[in-house]
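**Student:** Starting off with a structure, shown below.
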Amino acid sequence: MTGRIHSIETFGTVDGPGIRLTVFFQGCPLRCLYCHNPDTWSLEGGTEMTVAEILEEYEKGEPFYRGGGITATGGEPLMQMEFLTELFTESHRRGIHTCLDTSGITFTREKKNDFDALADVCDLVMLDIKHIDDAEHKKLTSASNRNALEYLAYLAEKDKPVWIRHVTVPGITLDDEYLARLGAYIGKYKNIKALDVLPYHSMAKKKYERMGIPYPLSDTPEATREDAVRAREIIIKNMKLSR
């Protein structure tokens, strides 16, 4: 079996614990206004790779990865569920820590057996909650947030460790009410082990220009580090209040 891989980043330090091999999967059903990887949208792009070829890349830096592992990101790795599960299964067999960075947008209880098989070989999920308000989520991503929130509930049932990621965008998610609602919602889940709040940046503008795609947030200012710190404080405060 092969998967379509956009790229592989070696010695990554921001996609899970420790130093990691980060595998960017091709294909994503969302069209987030702030997406910085529009070249991962199509399932037809990227390079076909086998699990063995990916793990060969891991083996080249294995001494550095021993306290880290492999992270699957994208794009949306769940778009290639069968290949993702095969990669994590073989990684687990070799004692490699596995992390899934996902929006959870493709989750459905109808495919519970498939998600159970993946959960069995996935050590950590980094779940990117784009927006807590469903109507605003649709405006931001072109899809509902229901599957993502249902995936969080499923991961709690499996007692699977989760890191929440949230991007603060001025005028969209950088809003005290929405941040408070997000904190109150996720606060009830005891399997959440970390919270990463990231400031929106516009570094992808040039990539959009090269691809001939209009940049949706051309008039939106970047968020500052201070914005993200304050947003995180609001989320955590309301997480605590909901417990």
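**Student:** Could you check Thr2 against (1) over 14 Å from the mean Cα position of the chain (by Cα); (2) at pLDDT below 95; (3) of a type in the set (Val, Ile, Thr) and say which number it fails?
**Tutor:** It is condition (2) that Thr2 fails.
**Student:** Say whether the condition of being under 20 Å from the mean Cα position of the chain (by Cα), of a type in the set (Gly, Ala, Ser) and farther than 29 Å from Asp39 by Cβ is met by at least one residue in region 187-210. First the steps, then the outcome.
**Tutor:** Going through region 187-210, the residues under 20 Å from the mean Cα position of the chain (by Cα) turn out to be 187, 189-204.
Applying the additional criterion that residues be of a type in the set (Gly, Ala, Ser) yields 187, 194, 202, 204.
Next cut, farther than 29 Å from Asp39 by Cβ only: 187.
So far as region 187-210 goes, yes, one or more of its residues are under 20 Å from the mean Cα position of the chain (by Cα), of a type in the set (Gly, Ala, Ser) and farther than 29 Å from Asp39 by Cβ.
**Student:** Filter the helices (runs of 4 or more DSSP H) completely within region 135-243 down to those with at least 3 residues that are at pLDDT 95 or above and of a type in the set (A, V, I, L, M, F, W, C).
**Tutor:** On the way: elements: 146-157, 176-186, 205-211, 225-241.
Here the list reads 146-157, 176-186, 225-241.
**Student:** For Val197, work out the one condition from (1) crowded, with 18+ Cβ neighbours inside 10 Å; (2) under 21 Å from Ala156 (Cβ atoms); (3) in contact with a Phe, Trp or Tyr (Cβ under 9 Å, 6 or more places away or on another chain) it doesn't fulfil.
**Tutor:** So Val197 meets the others, but not (3).
**Student:** Go through the residues of region 86-97 one by one and say whether even a single one is crowded, with 21+ Cβ neighbours inside 10 Å and within 29 Å of Met203 (Cα to Cα).
**Tutor:** No, there is no match, as no residue in region 86-97 is crowded, with 21+ Cβ neighbours inside 10 Å and within 29 Å of Met203 (Cα to Cα).
**Student:** Cβ contacts < 9 Å: first residue without any contact (Cβ under 8 Å) to a residue 40 or more places away in the chain, restricted to region 82-99; second residue of a type in the set (Asp, Glu) and assigned to a loop (DSSP other than H, G, I, E, B), any location; separation 6+ or different chain. Result?
**Tutor:** From residues that are without any contact (Cβ under 8 Å) to a residue 40 or more places away in the chain, the pairs are Phe88/Asp123; His92/Asp123; Thr98/Asp123.
**Student:** Going residue by residue through region 70-79, is there one that turns out to be in contact (Cβ under 8 Å) with a residue 60 or more places away in the chain and either of a type in the set (Ser, Thr, Tyr) or buried (at least 20 other Cβ atoms within 10 Å of the Cβ) (or both)? Lay out the reasoning, then the answer.
**Tutor:** So in region 70-79, the residues in contact (Cβ under 8 Å) with a residue 60 or more places away in the chain come out as 74-75.
Still in the running and either of a type in the set (Ser, Thr, Tyr) or buried (at least 20 other Cβ atoms within 10 Å of the Cβ) (or both): 74-75.
The answer is yes; a qualifying residue exists.
The values are calculated or read from the model by the stated rules, or taken from the named source; none is laboratory data. Predicted model only: the values in this text are computed from it and were never measured. Backbone-built Cβ (ideal geometry, glycine too); neighbour counts: all protein chains shown.
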